[in-house]
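**Student:** My structure is below; once you've seen it, I'll send some questions.
The values are calculated or read from the model by the stated rules, or taken from the named source; none is laboratory data. Everything numeric in this text was worked out from a predicted model, so none of it was measured. Reconstructed Cβ throughout: ideal geometry from the backbone, glycine too, with neighbour counts over all protein chains shown.
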């Protein structure tokens, strides 16, 4: 507290004036007395016109004071008194150490303490100043980039106004040939340092760079004005520490000239372009192939053949009517009149309107007699939320009862249909834990009796290698046997294998025939059952034009029927179609409603699609947190695209706290699921070693996996690495292979690199024709370096010096950008948040809690 005498000190330490006077007077070491004052208008505006505010200020700064005065924090003793003078409210501050041997103060320490106090007092003012400084840095970066483009244009026209840089770089290169020792600025002798400084200052003579550098410096001085009366003069660019890294870049460029090494001209747009297009690889997301992959898993393990067993050669159910139903419970499998009526209400028909309540009542009555089929359908209604809230636990209870009933009936009558149904429940984990090996055993028993649906699902297990040894050939043969028995599901899978040449020779004609048979078969089954899985399949085939003519309107009809029955895939597809401006059925309101419903029902694709809308602010208000939540739900279901999108959000840290650890976690998941863009981004993180520990072997492994999938940016990066030989052993053959692969996909940077290689005889034979081909392709995409070479094909000389000047200008722009990011630069509302985070991190280092944004008041 602040006593009546006006003195205050650390929290919890009583202040007795007589004791303080005695303690200070008898202290054997040095005692420092300080005055900290503010102008009246600043004190009133910032709230420092009372003792309490000053007390909290000094308490918050005590560890900084101790550090600057070389006092162990626990030994620091201080007392202060507030004086409310008319024109300059101030405090008198006494500081010393309980250990007389401690403590000394330098001019630099006094400057640091004044600066720290000023930054704390003027936090809000500084945020505004930093914001303006950030905006100015943005302008500086843009202007330096424009200046670079202007210089390159001058080179392209045969005129270069940087003759001085050319001469100085050539002179430096020659001098470095005869210089021993480490070739870094700090290790060079003064004369060579002077040449380097001259080159840097020559770069700064571009009038726009100079103009905005001066404005940036003025803005920085505004911060200094809060606690310094005398401001430092504008330093030459070569002496400005924030930009000192350009000096070693000058040396590196000179060494390149001496070594005759191949150089990749930097372009700050290159990596940004790569990232942007890499994102686009997933934004197009091949959704149809994802949906197609989901079809067999959804159908084959749940309802395939469940409603079609009435046509089996050996029926094993009781054809019971309501009049002769058993009077008491016993396990059985009966296609009774009541069960048929319940299914009619569940799915609806031309004669009966869909009614979940009535279906549930009839299924319940039937289940109470012991009918395993009704028990199973009750489980399905609870699982899918048909006419009720979804309840997975209750669903599993009914599935367990159904499984028990199936097993008891099968023990008495070991029929293939029962073995098939039991196998499916083990395969999916309905009423029991998922066990593919157990499932495969039951299916094999049914297959031995030529059960077509068991053949179909066992084929799927062989295709995936679940519970059996993986074999495409065995899968193909089983699908073919099932298809010959007119199983449209098997015809569909057989068509896919014939189309893709998996487990058999590719045969598109036969594939089309089987797709058509599948569509016809599904149509016939759906007419009898009104099953939502069949409706979804038919809608999907109509939407894609698979096995039939493409008909989006008809597809919507089937999807709508299935969606009303709770089919989340159909709900997602309706959202997708209604959102598509090219579908001819765009309806944003319906799209958002169906996507939301599917997402709420835990459909990973819908969660991802909806997350993208919230991320981009398209059709909905932009909400990054909501997007991240949706991406997370989808990623937790191993959606590789959602994992990638979530990783990129967390890595960028825009409108959401940056979390590199979490970003790497999700990018790793996506990469392991085979996402080429995630592999590429993750590889760069491991390669650069800025956010995570550098791991070149891991980076190369990920880049190779991405490149093998045809990622042009990963191919280009591999080519660069193998050609430069910096992080991996140089391998020109591999470099040419990957650069060519990337160039053939239209990558302008790979095209330029190849053109330059073949033209300048770097490690490979000169080939003017090939060089011209690639340089022309690159220049056509706006690559100014490629155009530079094309303009000099006939009057060619080594352009190393000219290109060095350009590269240095480019390096300078990148340094400006890095400095801009270092101080929390950005645009819009991001600035304050990032700066506040930086201030919070500083406070944490000073002994405050990480989220302690303001001093805590104590009485």
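**Student:** When residue 100 is evaluated against the numbered criteria (1) surrounded by fewer than 16 Cβ atoms within 10 Å (Cβ to Cβ); (2) modelled with pLDDT of 85 or more; (3) not assigned by TED's automatic domain parsing to the domain that holds residue 50, which criterion, by number, is the only one it fails?
**Tutor:** Exception for residue 100: condition (3).
**Student:** Would you mind finding the one in 655, 691 that is over 27 Å from residue 776 (Cα atoms), surrounded by 16 or more Cβ atoms within 10 Å (Cβ to Cβ), at pLDDT below 95 and in contact with a helix residue (DSSP H, G or I) (Cβ under 8 Å, 6 or more places away or on another chain)?
**Tutor:** Values: 691 fails: surrounded by 16 or more Cβ atoms within 10 Å (Cβ to Cβ).
Just one listed residue meets the conditions, 655.
**Student:** May I pose another question? For the stretch 428-444, give me the residue count where each residue is crowded, with 20+ Cβ neighbours inside 10 Å and within 21 Å of residue 477 (Cα to Cα).
**Tutor:** Number satisfying all stated conditions: 4.
**Student:** Let me ask something else about it. Considering 747, 783, which residue is farther than 30 Å from residue 667 by Cα, crowded, with 16+ Cβ neighbours inside 10 Å, touching a helix residue (DSSP H, G or I) at 6+ places or on another chain (Cβ under 8 Å) and outside the structural domain of residue 664 (by TED's automatic domain parsing)? Give the steps one after another, and end with the answer.
**Tutor:** Working: 747 fails: farther than 30 Å from residue 667 by Cα.
Answer to the selection: 783.
**Student:** Also, I was wondering about something else. All but one of (1) under 46 Å from the mean Cα position of the chain (by Cα); (2) more than 17 Å from residue 87 (Cα to Cα) hold for residue 9, so report the exception by its number.
**Tutor:** (1)
**Student:** If you don't mind, there's one more thing I want to ask. So, in the stretch 588-597, how many residues would count as being surrounded by 15 or more Cβ atoms within 10 Å (Cβ to Cβ) and more than 21 Å from residue 631 (Cα to Cα)?
**Tutor:** Counting residues in the stretch 588-597 that are surrounded by 15 or more Cβ atoms within 10 Å (Cβ to Cβ) and more than 21 Å from residue 631 (Cα to Cα) gives 1.
**Student:** Being under 30 Å from residue 393 (Cβ atoms), touching a helix residue (DSSP H, G or I) at 6+ places or on another chain (Cβ under 7 Å), outside any helix (DSSP H, G or I) and in contact (Cβ under 8 Å) with a residue 12 or more places away in the chain narrows it down to one of 466, 426, so name that one.
**Tutor:** After applying the criteria, what remains is 466.
**Student:** For the stretch 385-404, what are the residues that are within 18 Å of residue 362 (Cα to Cα) and either buried (at least 21 other Cβ atoms within 10 Å of the Cβ) or under 36 Å from the mean Cα position of the chain (by Cα) (or both)?
**Tutor:** 385, 386, 395, 398, 399, 402
**Student:** Ok, one more. Return a yes/no flag: does the stretch 403-416 have any residue that is within 25 Å of residue 492 (Cα to Cα) and touching a residue at least 24 places away in the same chain (Cβ under 8 Å). Full working, then the answer.
**Tutor:** Residues of the stretch 403-416 within 25 Å of residue 492 (Cα to Cα): 416.
Remaining after also requiring touching a residue at least 24 places away in the same chain (Cβ under 8 Å): 416.
Yes, because at least one residue in the stretch 403-416 is within 25 Å of residue 492 (Cα to Cα) and touching a residue at least 24 places away in the same chain (Cβ under 8 Å).
**Student:** Continuing with this model, one more query. Which of the helices (runs of 4 or more DSSP H) contained wholly in the stretch 163-265 include at least 1 residues that are at pLDDT 85 or above?
**Tutor:** 163-177, 190-203, 245-259
**Student:** Looking for whichever is crowded, with 16+ Cβ neighbours inside 10 Å, in a helix (DSSP H, G or I) and touching a strand residue (DSSP E or B) at 6+ places or on another chain (Cβ under 7 Å) here; the options are 95, 24, 20, 36. Which one fits?
**Tutor:** Unique residue meeting the criteria: 20.
**Student:** Tell me which residues, restricted to the stretch 54-82, are touching a residue at least 40 places away in the same chain (Cβ under 8 Å) and farther than 19 Å from residue 110 by Cα.
**Tutor:** The answer is 55, 56, 81, 82.
**Student:** I would also like to ask the following. Only one of (1) surrounded by fewer than 24 Cβ atoms within 10 Å (Cβ to Cβ); (2) farther than 27 Å from residue 388 by Cα fails for residue 564. Which number is that?
**Tutor:** Result: residue 564 fails condition (2) only.
**Student:** Moving to a separate point now. Does residue 790 qualify as being modelled with pLDDT of 90 or more and not assigned by TED's automatic domain parsing to the domain that holds residue 210?
**Tutor:** Working: modelled with pLDDT of 90 or more: no; not assigned by TED's automatic domain parsing to the domain that holds residue 210: yes.
No; evaluated as a whole, the condition is false for this residue.
**Student:** Follow-up question, since we're still on this one. Of the conditions (1) in contact with a strand residue (DSSP E or B) (Cβ under 8 Å, 6 or more places away or on another chain); (2) free of Cβ contacts under 8 Å to residues at least 60 places away in the same chain; (3) crowded, with 17+ Cβ neighbours inside 10 Å, residue 43 fails just one. Which one is it?
**Tutor:** (1)
**Student:** In addition: Does the stretch 150-159 contain at least one residue that is closer than 30 Å to residue 214 by Cα, in contact with a helix residue (DSSP H, G or I) (Cβ under 7 Å, 6 or more places away or on another chain), modelled with pLDDT of 85 or more and not assigned by TED's automatic domain parsing to the domain that holds residue 74?
**Tutor:** No, the stretch 150-159 contains no residue that is closer than 30 Å to residue 214 by Cα, in contact with a helix residue (DSSP H, G or I) (Cβ under 7 Å, 6 or more places away or on another chain), modelled with pLDDT of 85 or more and not assigned by TED's automatic domain parsing to the domain that holds residue 74.
**Student:** Filter the stretch 371-401 down to the residues that are touching a helix residue (DSSP H, G or I) at 6+ places or on another chain (Cβ under 6 Å) and part of a loop (DSSP other than H, G, I, E, B), then identify the one that is farthest from residue 526 (Cα to Cα).
**Tutor:** 391
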